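K.L.:
Okay, here's the structure, questions in a sec.
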Amino acid sequence: MFSILNIIELLGTIAFAISGAFSAMQKRLDAFGVLVIAFITSIGGGTIRDVLIGYTPVSWMRNLHGPIVITLTVIAAILFKKYIKSFKVTLFLFDALGLGLFTLIGLQKGLDAGLRPVICIILGTITGSFGGVLRDILLNNIPLIFRKEIYATACLIGGSAYFILLPFTDANWAKIVAISLICGLRILAVRYDLRLPVL
C-alpha cells in the first residue's frame, strides 16, 4: 500500500511535470524539449536536495517510477492540450500544488537524515522551488523565486507550520495542513497581488 508520503510524491511529480510541460508548450518547444523541461521541473529541486544531504545516487536514479510517471504525464499533457482553455491558469494551479507537495517531501527527507527543523525547512524550500528555478532559467524567464512574488516564502511558512503543529496533531494531518497552507498562500498572493517589498 502507498503511504501518504508516497502519494504526496506521486501527486507532486505529476503536478510539476504538467507545470513544466505547459511552460515549454507556451514557448513552442518540440516534444523532446517539452519532456526535458517537464523532467527538470519535477526532479530539479529533489536532485539538489539529495546532493546536499549526500544521498547519492539521487532519488530518481534509484527508482524509475518517477521518470515513468513524468513521461506518461507529458504524453497526456501533449495529447490533451487542445482541451485546456487557459495554459496560464492551469500552469499556475499545478505549480502551486507542486510547490506545496514537494516542500513536504524535502522536509521529510531532512527529518529522515536526522537534521534540525530549520535545515529541514530550508531543504523543503529547495525541493519545492528549485525545479521551477531551473525551468524558468532554461526557458529564459526570470525565476519566480527571485521576483517580488510570494513563492519561496510560502514554503518557509508552510514548513514552519508543520513543525508547530507536529506536537499537537498526527503527522499526516500536519502534512496536509502545511501543503494546503503553501498552496493557499501562493494562490491568495496572486489573486490579491500580495507581494514582498522591493529593495
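The values are calculated or read from the model by the stated rules, or taken from the named source; none is laboratory data. Bear in mind the structure is a predicted one, so any value in this text is a computation, not a measurement. With ideal geometry, Cβ positions are generated from the backbone for all residues, glycine too; neighbour counts draw on all protein chains shown. Accessible surface areas use protein heavy atoms only, side chains included; no ligands, DNA or RNA. Shrake-Rupley method; radii C 1.70, N 1.55, O 1.52, S 1.80 Å.
K.L.:
Roughly what angle does helix 65-79 make with the longest principal axis of the chain, taking Cα atoms, 0 to 90 degrees, to the nearest 10?
P.N.:
Helix 65-79 sits roughly 40 degrees off the main axis of the chain.
K.L.:
Taking the Cα atoms only, what angle lies between the long axis of helix 152-165 and the longest principal axis of the chain, rounded to 10 degrees?
P.N.:
Long axis of 152-165 versus the principal axis of the chain: about 30 degrees.
K.L.:
Calculate the spin-label point distance for Ile157 paired with Lys27, positioning each point 7 Å from the Cα along the beta-carbon direction, and give it in nanometres.
P.N.:
With each label point 7 Å from Cα toward Cβ, the separation is 2.9 nm.
K.L.:
Only sites in a loop by DSSP and with at most 12 other Cβ atoms within 10 Å count here; which chymotrypsin sites (Phe, Trp or Tyr not before Pro) in the range 139-199 make the cut?
P.N.:
Phe168, Tyr192
K.L.:
Turning to a different aspect of this structure: Taking Cα atoms, how many degrees apart are the long axis of helix 117-138 and the longest axis of the chain, rounded to 10 and kept between 0 and 90?
P.N.:
The angle comes out at about 10 degrees.
K.L.:
Where does the Debye-calculated log10 I(q)/I(0) of the chain sit at q = 0.10, 0.13 Å⁻¹, using only Cα point scatterers of equal weight, no solvent?
P.N.:
With one equal scatterer per Cα and no solvent, log10 I(q)/I(0) is -0.38, -0.65.
K.L.:
Using Cα centres only, tell me the gap between the range 1-79 and the range 152-188 in whole Å.
P.N.:
Each part's Cα centre sits 22 Å from the other's.
K.L.:
Within the range 76-139, list the chymotrypsin sites (Phe, Trp or Tyr not before Pro) lying in a DSSP loop whose Cβ has at most 16 other Cβ atoms in a 10 Å radius.
P.N.:
Here the sparse-neighbourhood loop sites are Phe80.
K.L.:
Take the solvent-accessible surface of the protein heavy atoms, probe 1.4 Å, and return the percent of it on the range 145-199 that carbon and sulfur atoms account for.
P.N.:
69
K.L.:
Could you list the residues of the range 14-54 with an amide nitrogen less than 14 Å from a label point located 7 Å from the Cα of Ser3 in the Cα-to-C-beta direction?
P.N.:
No residue passes the distance filter.
K.L.:
Given the rule -39500 (n - 2.57) for each run of at least 4 DSSP H residues, summed and divided by the residues of the chain, what is its mean residue ellipticity at 222 nm, to the nearest 500 deg cm²/dmol?
P.N.:
It comes out at -25000 deg cm²/dmol, rounded to the nearest 500.
K.L.:
If Lys and Arg each add +1 and Asp and Glu each add -1, what is the summed charge of the other residues whose beta carbon sits under 15 Å from the beta carbon of Ala21?
P.N.:
Overall, the nearby charge balance is +3.
K.L.:
If you average the sequence gap of Cα pairs under 8 Å that are 6 or more apart and divide by the length of the chain, what percent do you get for the contact order?
P.N.:
Rounded, it is 23 percent for the chain.
K.L.:
If you build the convex hull over the alpha carbons only and average its shadow over all orientations, what do you get for the range 23-133? Give it in nm² to one decimal.
P.N.:
7.0
K.L.:
Label-point separation (nm) for Tyr83 and Phe146, each offset 7 Å from Cα along Cα-to-Cβ?
P.N.:
3.8
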